[in-house]
Every structure is written in C-alpha cells, then in structure tokens.
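I have placed the structure first, in the form of structure tokens, so that the comments after it can refer back to it.
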Amino acid sequence: DAGAGGPRRCNSGASMTAADVIRDAVRSALAEGTPDAQRRAVRSVDPVMVEAVLHATFTGGERRVLCQGVGASPGAAIGQVYFTIEEAMDAADRGERVILARPETTPADEFAMRLADGILTSRGGMASHAAVVARGWGLPAVVGAEAIVFGDACMHVGEVTVAEGDVISLDGSTGDVLLGALEVAAAEAPDELETLLLWADELRAGRIAVRANADTAADARRARDFGAEGIGLCRTEHQFLGEQLPIVQRLILAESPEAEASALAELRDAQREDLRGVLEAMDGLPVTVRLLDPPLHEFLPPLDGLVVDDALGRLDEPGRRLLAAARAWHEINPMLGTRGVRLAILKPDLYRMQIRALVEAMLDRVDAGGAPRVEVMIPLVIDPAELALVLDWVRDEIGTAAGERLADLAIGLGTMIETPRAALLAEQLGPHVEFFSFGTNDLTQMVFGFSRDDVERRLLPTYVERELLASNPFETLDAAVAELVAGAIAGGRRAHHGLQTGLCGEHGGDPASIRALVRAGIDYVSCSPFRIPVARLAAAHAVL
C-alpha cells in the first residue's frame, strides 16, 4: 500500500488505485454472497482510501514547492491568489478560480471563503478557523505556512515573490504550496463505495453511530447525503456571520438596555430561520445545538488593525466605537478566557435568546409536519454548580417559549466536556444532563498545555520525528486524553445510567482515534461532512 489511497501493487504486478481496491473488494464479496465475505471486504479497505476517492488529486506537472504548511483539508486546488476579501470576491465575480491567502481567517472572512477554490494561511493549525471551515465545506486548505510574509498585494517566501493574481496550487493533503498550475484528477468515488459503506453500517449498528458537525441547512443536507445519522455539533456562532454580523456588532456596541434588546430580537429572528433550515434537513434525526461558544471579540475587526487605522486617522466615529469595544473585550489568552458558559453567565440574555429561537424553530417544523429532535449543549463547563445554574435558565426559557406546546417538543440537555476539570468531575456533572459530548480539540490543548495554533507547524513535526510523541495529538487522539475521556464516560454513567456520550472534535473522523473511542464506550462520533464516509468505515473496522 502506497498510503493515502495511492497506487499499490496487486499480485499480477499491475498498479491499483484506491478506487480499484474498493471495486475489487465489493465485487469479490458480491460474487461469494456471504456475510463473512462482506466483513472481509469491509476489513480489506483502509479508511484512508475512502478519503482519497472523495477528493481531487494532482496527477502531473512540475511540483515547484514554494513552501509547506499543515495540510488542513484534503484535495487539490489551483487558482489565482488574492490577499484581501474584496479582491477575492471581485475575482470570483469575474469567473476566476480563486485561492484566498491570509495571515489567518476570521468569521468575517467567510463570504469570500465560500467563493474560493482553496484557502491558504500563514498562521494556525488543524483546529484553526480556516481549517475547520474548509473541512466543513470540502475546500482544500493549507494553514500554518509560516515561511510566507505578506506584503502590499503580494506575498514573499525568501527571495520569491508571488503577486496578486498569480497562479498557485495547494495540496491540502501534504500541505504543499506550489507555484503555477498542476494537472488535476477529479474525485473518483466508484459506485461500489456506497455498497461497502452500507455493509460497514450494518456491522457497527448498535455499537457506534456517526454524526456530522454542520452549522447550516446546506451543510446538514450534504452530511445526510454522506450518511450522517444526525448532527453532533451545530455551532450556532457560525450563524452569526455574513448578513448577521452587523447585528452582532450592534449588540456588542449597545449602550442602553433598549439598544441591546433590539439587537437581540433581530438576531433571534435570524437564528430562528437558520435553525429551522437545519432541523428540516435533519428531520427525524438528532441535532445537537451548541449554544454560543467563542469570545465576543471574534465578531469584531482585529484589534491590531483598528489600532493602526486609528493611528493613521482612518477611523470614523463607528470605527472608533469598534476600537473601544475591541479593547474592552480583548484578552491575553481568549481560548481560556470569557467564552462559552462563562460568557452566558455574564450576558444571560444571549443564551435565553438562542433557546427562544430554537424552540420557535422547532415549533415551526412541528407545524409543517416535521419531527425535530434537538439536544441543547452547554460549552466549556467546569463545575456542577455552574452547569446547574445555566440549565435552570435554559429549562425556564424552554417552558416560557413553548408554553402549552411543551409536550410537542423532544429536547435533551447536555454539556460539552472540554476541560480536564469537567472530565474529572464527570460523576458530579452526570446527574444534571442527558448527554456528554467531548470537545477533544480543546481538551487535548489543555491536557498538553499546547497552544494548538502555535505548536502544530513549529513544534509537533520535530516531536514526532524524534519520537517524543507518537503522532500529532490534534490529528490522532492521544492515549492520555483517551484515558481521560474513558474515565469521564464511566464516571458520568455511574451517576446517570443510560447517559449518552459522543465526540465532536476533529478526532471523530480519524480512524485510529475512533478505535480508541470505541474501546472507551462512546455512543457516537461527529465529524465534518466530507469525513463521514471515512468515519463510517473506520467505525466498522473498530467494531470488528
């Protein structure tokens, strides 16, 4: 096996692609026609091969490597490179294939990201904004390419300068950034793949389910097409972007209770519509809705840029208000700061607004003949008292919003286990909830004491090369983190028999991680839509 679904040699000496291996395995099993043959077929196909046939690959041309970063979202992309949101959107309007290149991306960049063929950043790692969004949308992405220095309408790598509009290529599997255009082979998913995955589903049924991380109706429909059995993570903050971003900023800038209430009401209407679309796409299947998680500064322009604009006299009065808000909400380490449930305790009307929007969306679906199933998830909990306080608010708001129709709604309440303290106190948290969902991106970061966006490119390759670590712990679940997860599952179930458990970090799409999670007794994994076929097969391997 050449790895990553590349060609391998069969007994006759001929070269076999990943698609060939899948076809051969399924056809042989169909010819034999026994359950044992189906199991052997499932076992014989490496899940990595499934990922290989779902994404375009480079097949020829001179690989002139400009630099290398982290291959954050697989696939091959070719396009003209642009460095600002405005220029990228204008180029897409002209019909150009666009590579969006930025130091890093933020939620405000997602308009342009949706129009791009590939994403390139000089900072960040596998769990950065660019990486998570690109994987969710199936866009090739390379992040953390630290050799890149951005200039005025250009980028430099050593003595090489790439100007705006120049053609580059991205290999989202290897992390290579290449000069010029290479030859590309489109994704080649054979017809037999769906048969193989159905066999895999039968083998893992009742042991482990596969859900999707999906935030929009379009993402949810795509995930269901890929075989998702529900949504394990709907990040509601992603619904605060695009046309809703100015509303969120008005909320942050509100100087009176009336202004804040007006912004919250407008935001509730928008969120109700977005959630209704997600629930419709996943009708009859569980949808885990995570209440607002990121710190508020992420919805504002970057502080350093505002400071520069202020020094140059470029800010008008609204711009100066944004600068004041950015300074007020700035934190030295926002990942460990005022976010998730902590933000809710400071601003409880945020979560109350989201619950009301969710209940109204569910009632809309019931009125339309749908069968919405919702699980509300509280993020970043560290203590049972904290969880109980916020869950009381949530239950109160559900009862108020639903009124006499409460019995029409299927709503479960749970929490995200993403801090070591929450994992260690799982037995005390269990009685308060119906489910745990493990956020292993943050849990890994806190267990190791790593800043994931800083160490993935600079430190971890050296640690892996010198065998100080077996693998990148943000790609494959570390044994110590897996032990913490297993202990939390056991503790939660001691206190609450029948407690449902899932995982919604990117480890949910990694075959080796799935094996460890099945051993830990997890009920489901959740991953980005384009990794669902990989997870379906990997889960069957783990059960076998």
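The values are calculated or read from the model by the stated rules, or taken from the named source; none is laboratory data. Owing to the predicted nature of the structure, the values given are computational and were not obtained by experimental measurement. No Cβ is skipped: glycine too gets one built from the backbone with ideal geometry, and neighbour counts run over all protein chains shown. Surface accessibility is based on the protein's heavy atoms, side chains included, excluding ligands, DNA and RNA. Shrake-Rupley method; radii C 1.70, N 1.55, O 1.52, S 1.80 Å.
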Within the range 215-250, the residues that are open to solvent by less than 50 Å² (accessible area, probe 1.4 Å), modelled with pLDDT under 90 and assigned to a helix (DSSP H, G or I) are Glu237, His238, Gln239, Phe240, Gly242, Gln244, Leu245, Ile247, Val248, Gln249
When you check Val481 against the structure, is it open to solvent by less than 10 Å² (accessible area, probe 1.4 Å), on the phi < 0 side of the Ramachandran plot, assigned to a helix (DSSP H, G or I) and touching a residue at least 40 places away in the same chain (Cβ under 8 Å), yes or no? yes
Neighbours by Cβ (under 8 Å, 6+ apart or cross-chain): first from the range 239-254, of a type in the set (Lys, Arg); second crowded, with 18+ Cβ neighbours inside 10 Å and modelled with pLDDT of 85 or more: Arg250/Ala263
Only one residue in Val142, Val177, Val184 is open to solvent by 50 Å² or more (accessible area, probe 1.4 Å), in a strand (DSSP E or B), in contact (Cβ under 8 Å) with a residue 12 or more places away in the chain and not acidic (Asp, Glu). Which one? Val184
One residue is enough: does the range 84-95 have a residue meeting the conditions farther than 17 Å from Gly136 by Cβ, touching a Gly at 6+ places or on another chain (Cβ under 7 Å) and polar (S, T, N, Q)? no
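Let's see how each residue does on (1) in a helix (DSSP H, G or I); (2) among the β-branched types (Val, Ile, Thr); (3) crowded, with 20+ Cβ neighbours inside 10 Å:
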site: Arg63; (1), (2), (3): no, no, no
site: Ala77; (1), (2), (3): no, no, yes
site: Glu96; (1), (2), (3): no, no, no
site: Glu110; (1), (2), (3): yes, no, no
site: Ile119; (1), (2), (3): no, yes, yes
site: Arg123; (1), (2), (3): no, no, no
site: Val133; (1), (2), (3): yes, yes, yes
Taking the range 373-387 and keeping only residues that are in contact with a Ser or Thr (Cβ under 6 Å, 6 or more places away or on another chain) and open to solvent by 10 Å² or more (accessible area, probe 1.4 Å), one is left with Glu375, Ile382
Can you tell me which of Ala426, Ala410, Ala470, Ala422 is within 28 Å of Ala490 (Cα to Cα), small (Gly, Ala, Ser) and open to solvent by 60 Å² or more (accessible area, probe 1.4 Å)? Ala470
Any chance you could count how many residues in the range 337-369 are closer than 23 Å to Asp442 by Cα and free of Cβ contacts under 8 Å to residues at least 24 places away in the same chain? 2
